[in-house]
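The values are calculated or read from the model by the stated rules, or taken from the named source; none is laboratory data. Small disclaimer: the values here were computed from a predicted structure and weren't measured. Reconstructed Cβ throughout: ideal geometry from the backbone, glycine too, with neighbour counts over all protein chains shown. Accessible surface areas use protein heavy atoms only, side chains included; no ligands, DNA or RNA. Shrake-Rupley method; radii C 1.70, N 1.55, O 1.52, S 1.80 Å.
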Amino acid sequence: MAAVATATAAAADDEARLLRLEEQAEHGGGGAWEYLCLVRKLRARRPDPVLRIGLELLNNSSARSRLASEQWTLYEQVAVAAMDCQRLDVAKDCIGVLSKKFPGSARVGRLEALLFEAKGEWADAERAYALILENNPFDQIVHKRKIAIAKAQGDMSLAVEYLNKYLELFMADHDAWRELAEIYVSLQMYKQAAFCYEELILAQPTIPLYHLAYAEVLYTMGGLENLQTARKYYASTIQLTGGKNTRALFGVCLCSAAISQLTKGRNKEEESSELQSLAAEALLKDYKQRAPSKEALITNMLKNMKLS
């Protein structure tokens, strides 16, 4: 907990410093390069001020020359910000300068492909990325851009194909597993989504979000075995969050009601009965404290589910 608090405080300090430098640079008070460096360090996405402040530096020949080799980093940063702001003319100029300085560079090639994306020229972007992958099949950024292109065109099947290929190369990318799971859910491919969440839980067993998402997929699939497993993962979510996840409390109650309907009261486990009672009590207590006007509604709902 102390480590989390320290990290949160550090992030807040960095954000405050970023805003202070931004205001200073925007009003001619200096610190422009320091601001741009901090934006990159924090991976902050602030395209409008970055474009304004960066262009001011690039258009000042003496300030640009003082940056020496760092000016090429500035050209790249301004190019990306310009694409975010749909200033494609500025992006094209910056990329052109970089292309002359670094002919054949894969990094510049990625910028050129990004410009095709910004223009909506998907086929040209795909060809540019394919060329980069011929020389370096393990370029992680390029693989991610191909996935983004498929999603931008609404081709979720192609996005799934690209994500699966990506995960064959980068199996430890938890964000990619989660993205794939969410796409599978959107396509109603619940078995495949469940597999993705199983991988995430194996890799990061203490993250309640994965337990909750897995439980919801299993609940959606239905069937006695899936419901029983879903209830266990709703329960583990409650445990991992210290009993403060209302969605998981609802999940336990819904699973218990569905299981009761399927079994018609047969083989009723004492442990499961106690779990559903505790979940119902916690729900009522939660609504009484945070939304007392809805307490009667929740009470009636639990009664109808024969849990209260």
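Within region 230-249, the presence of at least one residue that is within 25 Å of K303 (Cβ to Cβ), surrounded by 23 or more Cβ atoms within 10 Å (Cβ to Cβ), of a type in the set (D, E, K, R) and in contact (Cβ under 8 Å) with a residue 12 or more places away in the chain is confirmed. The set of residues from region 99-117 being open to solvent by less than 40 Å² (accessible area, probe 1.4 Å) and acidic (D, E) comprises just one member, E117. Counting only residues that are of a type outside the set (K, R), open to solvent by 70 Å² or more (accessible area, probe 1.4 Å) and outside any helix (DSSP H, G or I), region 14-59 holds 2 of them.
Taken together, the residues in region 154-181 that are under 16 Å from Q204 (Cβ atoms) and assigned to a helix (DSSP H, G or I) amount to 9.
Check region 102-111 and report whether any residue there is hydrophobic (A, V, I, L, M, F, W, C) and in contact with a Gly (Cβ under 6 Å, 6 or more places away or on another chain).
Of region 102-111, the ones hydrophobic (A, V, I, L, M, F, W, C) are 102, 106, 108, 111.
Among the residues that remain, those that are also in contact with a Gly (Cβ under 6 Å, 6 or more places away or on another chain) are: none.
No, region 102-111 contains no residue that is hydrophobic (A, V, I, L, M, F, W, C) and in contact with a Gly (Cβ under 6 Å, 6 or more places away or on another chain).
For the condition farther than 22 Å from L187 by Cα and surrounded by 12 or more Cβ atoms within 10 Å (Cβ to Cβ), I132 qualifies.
Considering the conditions (1) modelled with pLDDT under 95; (2) outside the structural domain of K41 (by TED's automatic domain parsing); (3) of a type in the set (G, A, S), A68 is excluded by exactly one of them, (2).
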